[in-house]
Amino acid sequence: MNRKALLPLCAALVALTGISGCGMLGGDDDPAAKAAHAPAADSSGGSAAKAPYDVTGLLHPDKEYFGVAVDGAPSSMKPVDAFAGTVGKKPNLVGSYSAWGDGFNAPGARNVFDDGGMLYVSWEPFKPGLDKIADGSQDAYIKKYAESVRTTDVPVAISFGHEMNGHWYPWGTKKTTPETFVAAWKHIHDVFQEVGATNVIWVWSPNVVNPVRSVQLKPYWPGDAYVDWVGIVGYWTTTGAHTFDTLYGPSRRQIERFTDKPVLISETSAEPGDRRRADVRALLDGVRQDDDVIGFLWFNIPKRADWRIQSSPLALAEFKRLIADDAFGFEVPRP
């Protein structure tokens with residue numbers, strides 16, 4: 001039985017028996033989840049300072065994440081509010097992009113959390129190269145970033161080096177190796193753990209394999225101990241796949257061979273055109289019906305195409321109708 005199907009059963013058992021916790025679901029009482037996000041120990045052998053927000057309760061939600069990336073957010077939440085007014089529901093995941101060398105946007109993370117959501121950061125290592133990250137020469141920067149995440153004390157989802165299986169980024173297949181990517185990922189994760197920045201959900205986000213079928217995903221996998229969610233980047237284009245399975249299925253069938261981590265459609269949108277309304281329907285219906293997918297993040301920024309949902313009235317009407325379903329969206333709880 002899948003995780004989402006087990007959640008109502010678990011709740012009923014708790015009510016009947018008084019036994020708390022559903023560890024088998026990876027929730028708050030899951031020992032493995034607690035170990036992965038346990039506070040770091042200090043050098044004297046005692047516990048570190050007060051542990052930050054515990055994200056284990058957010059890893060396997062019983063409703064879908066509804067995310068958006070919009071220009072101006074999260075430094076300001078006005079663009080998110082405007083988007084919410086357009087589609088009729090407030091997102092609870094706000095996407096952002098951080099180049100390697102940038103500081104962590106602590107005020108933005110707090111803005112999103114204060115509005116009932118969680119910040120999603122796509123951390124992009126344009127320079128100095130994954131080998132420099134893996135060998136420890138970037139540790140001062142990583143520690144500073146991690147300490148800012150920890151002291152901000154709100155949940156944050158971080159995707160490092162997204163679309164690593166593609167050739168279009170400098171951390172992709174043309175300029176680095178899977179082994180170097182994995183070494184860099186593990187090193188960053190380990191530094192965050194040492195600093196005590198356990199309020200992070202780590203999201204491993206390959207591009208859909210459709211355009212790069214010769215590149216296998218498994219060599220890029222850091223391991224279950226280093227990843228919380230599988231994020232899949234995949235856009236609906238006028239010339240591409242037009243069903244949920246043909247767009248995301250080939251990637252997921254590869255991924256299912258080496259992990260059963262929850263899946264987030266971590267970056268998506270639908271290209272304007274005659275099929276846009278149908279593509280929106282396929283996306284939202286697919287997310288809602290697939291028990292292993294925990295949500296999606298909609299890219300609502302014009303870039304090489306006008307990905308904004310409001311640019312197509314019929315598609316917007318379909319989006320509004322489907323996102324109104326109670327399965328989408330929830331408020332990220334206070335500690």
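Here are some notes:
- In region 146-158, the residues that are touching a residue at least 24 places away in the same chain (Cβ under 8 Å) and among the β-branched types (Val, Ile, Thr) reach residues that are part of a loop (DSSP other than H, G, I, E, B) and open to solvent by 10 Å² or more (accessible area, probe 1.4 Å) with C-beta atoms within less than 7 angstrom, at least six apart or across chains, in these pairs: Val149/Phe104; Val154/Tyr53.
- For first residues located in region 286-306 and in contact (Cβ under 8 Å) with a residue 40 or more places away in the chain, partners that are in a loop (DSSP other than H, G, I, E, B) and among the basic types (Lys, Arg) and lie 6+ apart or on another chain with Cβ distances below 6 Å form the pairs Asn300/Arg308.
- Taking the criterion of being over 14 Å from Ile309 (Cα atoms), of a type outside the set (Gly, Ala, Ser) and either touching a strand residue (DSSP E or B) at 6+ places or on another chain (Cβ under 7 Å) or open to solvent by 70 Å² or more (accessible area, probe 1.4 Å) (or both), the residues of region 285-297 that qualify are Val287, Arg288, Gln289, Asp292, Val293, Ile294, Phe296.
- Within region 176-196, residues that are of a type in the set (D, E, K, R) reach partners that are in a loop (DSSP other than H, G, I, E, B) and modelled with pLDDT of 95 or more with beta carbons closer than 9 Å, at six or more positions or on different chains, in the pairs Lys186/Pro222; Lys186/Gly223.
- Inside region 210-229, residues that are touching a His at 6+ places or on another chain (Cβ under 9 Å), open to solvent by less than 50 Å² (accessible area, probe 1.4 Å), more than 19 Å from Pro155 (Cβ to Cβ) and of a type in the set (A, V, I, L, M, F, W, C) make up a count of 2.
- Residue match in region 198-209 (condition: out of contact with any helix residue (DSSP H, G or I) (no Cβ under 6 Å at 6 or more places or on another chain), open to solvent by 30 Å² or more (accessible area, probe 1.4 Å) and in contact (Cβ under 8 Å) with a residue 40 or more places away in the chain): no
- Hits in region 63-90 (condition: surrounded by fewer than 19 Cβ atoms within 10 Å (Cβ to Cβ), part of a loop (DSSP other than H, G, I, E, B), among the small types (Gly, Ala, Ser) and at negative phi): Ser75, Ser76
- Residue in region 313-325 that is within 14 Å of Asp274 (Cα to Cα) and free of Cβ contacts under 8 Å to residues at least 40 places away in the same chain present: yes
- The sole residue among Ala305, Ala317, Ala282 that is out of contact with any strand residue (DSSP E or B) (no Cβ under 7 Å at 6 or more places or on another chain), open to solvent by 40 Å² or more (accessible area, probe 1.4 Å) and among the aliphatic types (A, V, I, L, M) is Ala317.
The values are calculated or read from the model by the stated rules, or taken from the named source; none is laboratory data. Since the model is a prediction, treat every value here as computed from it, not as a measurement. Note that each Cβ is placed from the backbone with ideal geometry, even for glycine, and that neighbours are counted across all protein chains shown. Calculation scope for accessible area: heavy atoms of the full protein, side chains included, ligands and nucleic acids excluded. Shrake-Rupley method; radii C 1.70, N 1.55, O 1.52, S 1.80 Å.
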